[in-house]
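Chemist: After the structure tokens below, expect a handful of questions from me.
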Amino acid sequence: MQVSHSPRAMSVSFDEPNLIASAGLAPIMDLARTAGLRELADSWLSVPTDKGANAGLKIAALVAGMAAGADSIDDMAVLRHGGMKRLFSSCYAPSTLGSFLRAFTFGHVRQLDAVASRFL
């Protein structure tokens, strides 16, 4: 294919605040909510100190981030961009989720494994 026009400087911008990059995230998280992910994490996972507060919500946020393509703590910021705030009532900062994960010991990983086996 040959372009018949000369290239010009072009810029594209999206001004719609309701756009989200991960459109399939809403049904995935609705399925996780219906299946009881948050409740399972709250009942089986006990991370001491303030870092472990609201473990179910933090686990759900980590699952949402991974489903949206996050592969590092910094990438969890994807949950705070664009129209995501309209999908989720509250989103944790990546630093909060990182502190939560850094508080894990081997025993907490085993507890999370118990959550995963009961969830699936």
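Chemist: Return yes when PRO48 is closer than 26 Å to THR105 by Cα, at pLDDT below 90 and either exposed (fewer than 11 other Cβ atoms within 10 Å of the Cβ) or among the aromatic types (Phe, Trp, Tyr) (or both) and no when it is not.
Modeler: Values: closer than 26 Å to THR105 by Cα: yes; at pLDDT below 90: yes; either exposed (fewer than 11 other Cβ atoms within 10 Å of the Cβ) or among the aromatic types (Phe, Trp, Tyr) (or both): yes.
Taking the combined requirement at face value, the residue satisfies it.
Chemist: While we're looking at this one, here's another question. Select from the stretch 64-91 the residues that are surrounded by 15 or more Cβ atoms within 10 Å (Cβ to Cβ) and either part of a loop (DSSP other than H, G, I, E, B) or at pLDDT 95 or above (or both) and list them in ascending order.
Modeler: Scanning the stretch 64-91 gives ALA68, ALA70, ILE73, GLY82, PHE88, CYS91.
Chemist: In addition: What single numbered condition from (1) outside any helix (DSSP H, G or I); (2) under 12 Å from the mean Cα position of the chain (by Cα) fails to hold for PRO48?
Modeler: PRO48 satisfies every listed condition except (2).
Chemist: Within the stretch 92-104, does at least one residue satisfy the condition of being within 18 Å of ALA23 (Cβ to Cβ), surrounded by 12 or more Cβ atoms within 10 Å (Cβ to Cβ), touching a residue at least 24 places away in the same chain (Cβ under 8 Å) and touching a helix residue (DSSP H, G or I) at 6+ places or on another chain (Cβ under 7 Å)? Show your work before the answer.
Modeler: Taking the stretch 92-104 first, the residues within 18 Å of ALA23 (Cβ to Cβ) are none.
Checked against the condition, which is being within 18 Å of ALA23 (Cβ to Cβ), surrounded by 12 or more Cβ atoms within 10 Å (Cβ to Cβ), touching a residue at least 24 places away in the same chain (Cβ under 8 Å) and touching a helix residue (DSSP H, G or I) at 6+ places or on another chain (Cβ under 7 Å), the stretch 92-104 yields no hits at all.
The values are calculated or read from the model by the stated rules, or taken from the named source; none is laboratory data. These numbers were taken from a predicted model, which means no experiment stands behind them. When we count neighbours, we look across all protein chains shown, and the Cβ atoms used for this are built from the backbone with ideal geometry, even at glycine.
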